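What follows is one structure encoded as structure tokens, with my remarks underneath.
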Amino acid sequence: MEMEKNHLIELLKDKEQFGKRIAEGLGLIATEIYGEEIEPNSVSGKKMLEEIMTSDKLSGQEKSIIQMVLRAGTDEESLKELSNQLGQSVDVVMAIRANAISKLAKTILA
């Protein structure tokens with residue numbers, strides 16, 4: 001029973017870290033689009049995530065890259081790992097992300 005409890009605690013910590021990475025990633029995207037940071041788990045953050053997922057302006061690849069970068073994080077090690085998984089350079093992955101965010105900005109700010 002103690003081992004199961006410890007395992008559950010570890011899973012919850014992982015989930016918390018995962019949520020923080022996504023919130024931080026959305027905050028970075030909002031900063032790029034709006035010029036100001038949004039609060040994690042705010043209505044703006046949820047709307048931003050919804051806009052990313054439902055935008056017809058973004059290709060499937062762009063949506064996928066944004067999602068993967070949100071989950072992995074933007075630190076150098078995470079980006080290297082992600083680029084290896086995708087078979088692309090870090091520069092290409094970040095260029096796709098930047099292009100997608102630019103398209104989102106045009107849609108959101110229009």
Give the residues of region 89-109 that are part of a helix (DSSP H, G or I) and small (Gly, Ala, Ser), sorted by residue number. ALA95, ALA98, ALA100, SER102, ALA105
Residues that are hydroxyl-bearing (Ser, Thr, Tyr), modelled with pLDDT of 70 or more, surrounded by fewer than 16 Cβ atoms within 10 Å (Cβ to Cβ) and not in a helix (DSSP H, G or I): does region 39-50 have at least one? no
Restricted to region 66-75 and to residues being within 12 Å of VAL90 (Cβ to Cβ) and out of contact with any Leu (no Cβ under 6 Å at 6 or more places or on another chain), the residue surrounded by the most Cβ atoms within 10 Å (Cβ to Cβ) is VAL69
Scanning region 63-88 for residues that are part of a helix (DSSP H, G or I) and farther than 17 Å from ILE101 by Cβ gives GLU76, GLU77, SER78, LYS80, GLU81, SER83, ASN84, GLN85, LEU86
How many residues are at negative phi and either within 11 Å of the chain's Cα centre (by Cα) or modelled with pLDDT under 75 (or both) if we restrict to region 54-76? 11
For residues in region 77-110 being of a type in the set (D, E, K, R) and without any contact (Cβ under 8 Å) to a residue 12 or more places away in the chain, which is nearest to THR31 (Cα to Cα)? ASP91
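The values are calculated or read from the model by the stated rules, or taken from the named source; none is laboratory data. Given the structure is predicted, the values throughout are model-derived calculations rather than measurements. So basically every Cβ, Gly included, is an ideal-geometry build from the backbone, and we count neighbours across all protein chains shown.
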